[in-house]
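Note sheet for the following structure.
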Amino acid sequence: MAKAKVFVIYYSTYGHVQTLAQAVMKGVLKSGEVDAEIYQISETLGDDVLEKMNAAEKLNVPEITAEKLVEADGFLFGFPTRFGTAPAQ
């Protein structure tokens, strides 16, 4: 039987959720029970805004697309909250 495929998908402005997503990815792969891939959500803020916010540098992680989502059997999402709601990205 083929292993299930799981996507770890995250958005991170300051790098905290990015760190968590990497840790989740390590744990998922360590289980040996699933195949996993990590993706980030596209940034909608301009570079000038991110610079003023002192945002963290983005890692070289591919961005998820709607077309790619159909390849996964499951998802693990990670994103920050702002006043109790999800970011617009």
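Only sites in a loop by DSSP and with at most 14 other Cβ atoms within 10 Å count here; which chymotrypsin sites (Phe, Trp or Tyr not before Pro) in region 2-54 make the cut? Of the chymotrypsin sites (Phe, Trp or Tyr not before Pro), the ones in loops of region 2-54 whose Cβ has at most 14 other Cβ atoms within 10 Å are Tyr14.
Loop-located GluC sites (Glu not before Pro) across region 1-72 with a Cβ neighbour count of 13 or fewer within 10 Å are Glu33, Glu57, Glu71, with loop assigned by DSSP.
Averaged per residue, region 3-89 has 68 square angstrom of accessible surface, using a 1.4 angstrom probe with ligands and nucleic acids left out.
Bridges between two residues of the chain, per DSSP, are antiparallel at a rate of about 5%. For the chain, the spread of Cα coordinates along the three principal axes comes to 50, 27, 26 Å, biggest extent given first. Using a simple spin-label model with pseudo-atoms 7 Å out from Cα toward Cβ, Thr81 and Glu33 lie 2.7 nm apart.
Fully extended, how many nm does the chain gain between Ala4 and Thr65 (0.36 nm per residue separation, minus their Cα-Cα distance)?
Details: separation 61, 0.36 × 61 = 21.96 nm, distance 1.94 nm.
That pair, Ala4 and Thr65, stretches by 20.0 nm at full extension.
Here is the list for region 49-89: chymotrypsin sites (Phe, Trp or Tyr not before Pro) lying in DSSP coil, each with at most 11 other C-beta atoms within 10 angstrom of its C-beta, are Phe83. Other residues whose C-beta falls under 11 angstrom from the C-beta of Ala36 contribute a net charge of 0, scoring Lys and Arg +1 and Asp and Glu -1.
Rg/Rh for region 28-79 (Cα atoms only, Rh after Kirkwood) is 1.06.
The values are calculated or read from the model by the stated rules, or taken from the named source; none is laboratory data. Keep in mind that this is a model prediction, so the values were computed, not measured. Don't worry about glycine lacking a Cβ; one is built from the backbone with ideal geometry, like all the others, and counts go over all protein chains shown. Just the protein is used for accessible areas: all its heavy atoms, side chains included, with ligands, DNA and RNA removed. Shrake-Rupley method; radii C 1.70, N 1.55, O 1.52, S 1.80 Å.
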